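> Structure provided below as structure tokens; questions to follow.
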Amino acid sequence: MTNSANIAQTTTSEQSRSDVTQASASLIGRVLLSAIFILSGFSKLAAPAMMVGYIGSVGLPFPQLALAVAIIVEIGGGLALIAGYRTRTVAAVLAVFSVFTALAFHNALGDQNQFIHFFKNIAMAGGLLQVVAFGAGRFSLDARRGR
């Protein structure tokens, strides 16, 4: 094998490893981002009356409907994000949801706990916007669908 052939093969091999690493990191990132939404959705299912009261206490209208929407967005969005299905749209919806819930439920920034929750939600929105910008990666349903 010639020296240029060895270099080309090495470059191709390095690129292949880089692609797998990037695709794996994307999948792991989607799973980690999804975990908080899925867990939160199931916790709402476990105590719906308490959640309706909490939603109503911040002054949002139609707390039962808001709870149903939150559960659908959190569980459905979390599972779709893991699967990499319509990932950019799902990540955008989850980002908006995260910012909305930060503003609606964690806006008492003088309370250190609420301050932390507020900026946790904002940071999650930032991570989700990275998914909007760069997509799901190779290990996703979107990639299989050619998106």
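Coordinate-derived values only; no laboratory data. Everything numeric here is computed off the predicted structure, so don't read it as measured data. Reconstructed Cβ throughout: ideal geometry from the backbone, glycine too, with neighbour counts over all protein chains shown.
> Take segment 111-147 and flag every residue that is within 22 Å of Ser26 (Cβ to Cβ) and of a type in the set (D, E, K, R).
Answer for segment 111-147, where residues must be within 22 Å of Ser26 (Cβ to Cβ) and of a type in the set (D, E, K, R): Lys120, Arg138, Asp142, Arg144, Arg145, Arg147.
> Would you check if there is a residue in segment 71-85 being exposed (fewer than 15 other Cβ atoms within 10 Å of the Cβ) and either at positive phi or in a helix (DSSP H, G or I) (or both)? Lay out the reasoning, then the answer.
If we filter segment 71-85 for residues that are exposed (fewer than 15 other Cβ atoms within 10 Å of the Cβ), which is where we start, we get 72.
Filter once more, so that each one left must be either at positive phi or in a helix (DSSP H, G or I) (or both): 72.
Yes.
> Here is a follow-up. Would you mind finding the one in Arg145, Arg138 that is among the basic types (Lys, Arg), under 18 Å from the mean Cα position of the chain (by Cα) and surrounded by fewer than 17 Cβ atoms within 10 Å (Cβ to Cβ)? So that I can check it myself, show each step before the final result.
Working: Arg145 fails: under 18 Å from the mean Cα position of the chain (by Cα).
Of the residues listed, the single one that is among the basic types (Lys, Arg), under 18 Å from the mean Cα position of the chain (by Cα) and surrounded by fewer than 17 Cβ atoms within 10 Å (Cβ to Cβ) is Arg138.
> Inspect segment 108-117 for any residue being surrounded by 17 or more Cβ atoms within 10 Å (Cβ to Cβ), over 14 Å from Leu33 (Cα atoms) and not hydrophobic (A, V, I, L, M, F, W, C) and give the result as yes or no.
Here is the first cut: in segment 108-117, the ones surrounded by 17 or more Cβ atoms within 10 Å (Cβ to Cβ) are 117.
Filter once more, so that each one left must be over 14 Å from Leu33 (Cα atoms): 117.
Among the residues that remain, those that are also not hydrophobic (A, V, I, L, M, F, W, C) are: 117.
Checked against the condition, which is being surrounded by 17 or more Cβ atoms within 10 Å (Cβ to Cβ), over 14 Å from Leu33 (Cα atoms) and not hydrophobic (A, V, I, L, M, F, W, C), segment 108-117 yields at least one hit.
> For segment 87-99, what are the residues that are surrounded by 19 or more Cβ atoms within 10 Å (Cβ to Cβ) and under 22 Å from Ala143 (Cα atoms)? Explain how you work it out, then say what you get.
Step one: of segment 87-99, the residues surrounded by 19 or more Cβ atoms within 10 Å (Cβ to Cβ) are 87, 90-91, 94-95, 97-98.
Those that are surrounded by 19 or more Cβ atoms within 10 Å (Cβ to Cβ) and under 22 Å from Ala143 (Cα atoms): Thr87, Val90, Ala91, Leu94, Ala95.
> Now for a different question. Scan segment 21-63 for residues that are free of Cβ contacts under 8 Å to residues at least 40 places away in the same chain and of a type in the set (Val, Ile, Thr) and report the count.
Count: 4.
> Find all pairs meeting these conditions: Cβ atoms under 6 angstrom apart; at least six residues apart or on different chains; first residue within segment 75-97 and without any contact (Cβ under 8 Å) to a residue 12 or more places away in the chain and more than 17 Å from Leu129 (Cβ to Cβ); second residue surrounded by fewer than 19 Cβ atoms within 10 Å (Cβ to Cβ) and not hydrophobic (A, V, I, L, M, F, W, C).
Listed pairs, sorted by first residue: none to list.
> Counting only residues that are in a helix (DSSP H, G or I) and closer than 14 Å to Leu81 by Cβ, how many does segment 109-142 have? Explain how you work it out, then say what you get.
Let us first name the residues in segment 109-142 that are in a helix (DSSP H, G or I), namely 112-134, 141-142.
Those left that are additionally closer than 14 Å to Leu81 by Cβ: 124-125, 127-132, 134, 141-142.
Result for segment 109-142: 11.
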